[in-house]
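Peer 1: Before anything else, here's the structure in question.
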Amino acid sequence: MKKTLFNIFFLVLGVALLWLAFKGQNFTLIAQELRKVNYSWGIPVLGVSLLGHASRAMRWKLLLDPLKIDQNKPVSVVNVWWALMFGYFVNLGVPRLGEVSRCVAVRRSENVGFEATVGTVVAERAIDVFCLFLLVVFTFFFQFDIAADFLRQYIFAPFGQLLRQKQNALYLLAVVGVGFLLLLGLLWRVLIKRHWFLKIRKFIVEVLKGLMSIRNMRHPWSFLGHTLFIWFCYFLMTYCWFFSMPATQSLGIQGGLFLLVLGSIGKSVPIQGGGMGAYHFLVTKGLSLSPFLIAATPALTLATVIHLTQMLFSLLVGAIAAVVVLYQNRWQR
């Protein structure tokens, strides 16, 4: 029930942000902008996407190799790639469930413990969050005026207004938060002796074992190289589309880095459809700032093209991956 409410909440949030992004827009003008797009730029984007996901599969394989029960048979990067794409496919419908789904697929095809596999996914996510944090810091210091303008217009000003209007509600929220922490501490003391709680603790220990697989990697420099290459591919998957529209051809590397940060934040929000709404809203608002000053219509068109093509890629390749994973399981039976 809680998971259902969680998914409904973020679905509503995504629809609301999508509505805000398209609010007041002339759909006839958007259609005209879409006709101006040179879709042949989708070919290099497709190639970069395949390379980036292949590198991501090879990076995950580096974490899985030390965990395989049969060390004489290495983990198949092909099986890992299909499991990864299957996870992306599931994430489009139910965010975060795809991470569990790809762990299940790898466990069945590669004979790796499920809990330890979950740990490698957590480790991967931790590394990517750290990379995103470094990008945010880099963007803030080297594109300070743009970042400060974005924060001032779309974060601090609206939040300050909300704070003035909802001050009493925030005080109440703080009291509830403290009460929740006290209740959590009491439950911990009660549950720590329960049998099923011990099973949960065992699961967490296995997950930590997967996290520690970073220390046991045989090729740490390869892991670092793949991580840098993956984020470079993410950059190119946005940057290449700039040249497909006359209004965005002059954005340059500076614009690519800024949109990489905003887009990554938008996609990290657990909204169905790969950050639907959040991506459109952040990219459109970001491009309206100086020195970009891209009008809302071409900015929203660019966001739509980038997000839609990436979602179609995940849908098509992910659907094939779902069939492959299903038949892998049947063959092994």
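Peer 1: Being small (Gly, Ala, Ser) and without any contact (Cβ under 8 Å) to a residue 12 or more places away in the chain: is that true of ALA57 here?
Peer 2: Judged against the criteria, ALA57 is not a match.
Peer 1: Which condition breaks for LYS73 when tested against (1) touching a residue at least 24 places away in the same chain (Cβ under 8 Å); (2) surrounded by fewer than 17 Cβ atoms within 10 Å (Cβ to Cβ)?
Peer 2: (1)
Peer 1: If I filter region 101-124 down to residues being within 15 Å of the chain's Cα centre (by Cα) and at pLDDT below 85, which single residue comes out as most open to solvent (accessible area, probe 1.4 Å)?
Peer 2: VAL122
Peer 1: While we're on this one: Checking PRO246 against (1) more than 18 Å from TYR39 (Cα to Cα); (2) touching a residue at least 24 places away in the same chain (Cβ under 8 Å); (3) surrounded by fewer than 19 Cβ atoms within 10 Å (Cβ to Cβ), only one condition comes out false. Which one?
Peer 2: Just one mismatch for PRO246, condition (1).
Peer 1: Please indicate, with yes or no, whether at least one residue in region 289-297 is assigned to a helix (DSSP H, G or I) and over 15 Å from the mean Cα position of the chain (by Cα).
Peer 2: Looking for residues that are assigned to a helix (DSSP H, G or I) and over 15 Å from the mean Cα position of the chain (by Cα), one finds at least one in region 289-297, hence yes.
Peer 1: Quick test of your reading of the structure: LYS61 fulfils all but one of (1) surrounded by 19 or more Cβ atoms within 10 Å (Cβ to Cβ); (2) closer than 28 Å to LEU300 by Cβ; (3) among the basic types (Lys, Arg). Name the failing condition by number.
Peer 2: (2)
Quick grid of which residues meet (1) more than 15 Å from the chain's Cα centre (by Cα); (2) under 29 Å from THR301 (Cα atoms); (3) open to solvent by 40 Å² or more (accessible area, probe 1.4 Å); (4) of a type in the set (Gly, Ala, Ser):
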position: ARG35; (1), (2), (3), (4): yes, yes, yes, no
position: ILE43; (1), (2), (3), (4): yes, yes, yes, no
position: SER55; (1), (2), (3), (4): yes, no, no, yes
position: PHE89; (1), (2), (3), (4): no, yes, yes, no
position: PRO95; (1), (2), (3), (4): no, yes, no, no
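Peer 1: If you go through region 309-327 one residue at a time, do you hit one that is within 20 Å of LEU132 (Cα to Cα), of a type outside the set (Asp, Glu), open to solvent by less than 30 Å² (accessible area, probe 1.4 Å) and assigned to a helix (DSSP H, G or I)?
Peer 2: The answer is no; no qualifying residue exists.
Peer 1: I need a count of the residues in region 138-149 that are at pLDDT 70 or above and surrounded by 12 or more Cβ atoms within 10 Å (Cβ to Cβ).
Peer 2: 6
Peer 1: Can you name the number of the only condition in (1) in contact with a His (Cβ under 6 Å, 6 or more places away or on another chain); (2) hydrophobic (A, V, I, L, M, F, W, C); (3) farther than 30 Å from PHE10 by Cα that ALA247 fails?
Peer 2: Failing condition for ALA247: (1).
Peer 1: Hey, another quick one. Answer yes if at least one residue in region 77-86 is surrounded by 20 or more Cβ atoms within 10 Å (Cβ to Cβ), touching a helix residue (DSSP H, G or I) at 6+ places or on another chain (Cβ under 7 Å) and modelled with pLDDT under 90, and no otherwise.
Peer 2: Checked region 77-86: no residue is surrounded by 20 or more Cβ atoms within 10 Å (Cβ to Cβ), touching a helix residue (DSSP H, G or I) at 6+ places or on another chain (Cβ under 7 Å) and modelled with pLDDT under 90.
The values are calculated or read from the model by the stated rules, or taken from the named source; none is laboratory data. Keep in mind that this is a model prediction, so the values were computed, not measured. Reconstructed Cβ throughout: ideal geometry from the backbone, glycine too, with neighbour counts over all protein chains shown. Note: areas computed on protein heavy atoms with side chains; ligands, DNA, RNA excluded. Shrake-Rupley method; radii C 1.70, N 1.55, O 1.52, S 1.80 Å.
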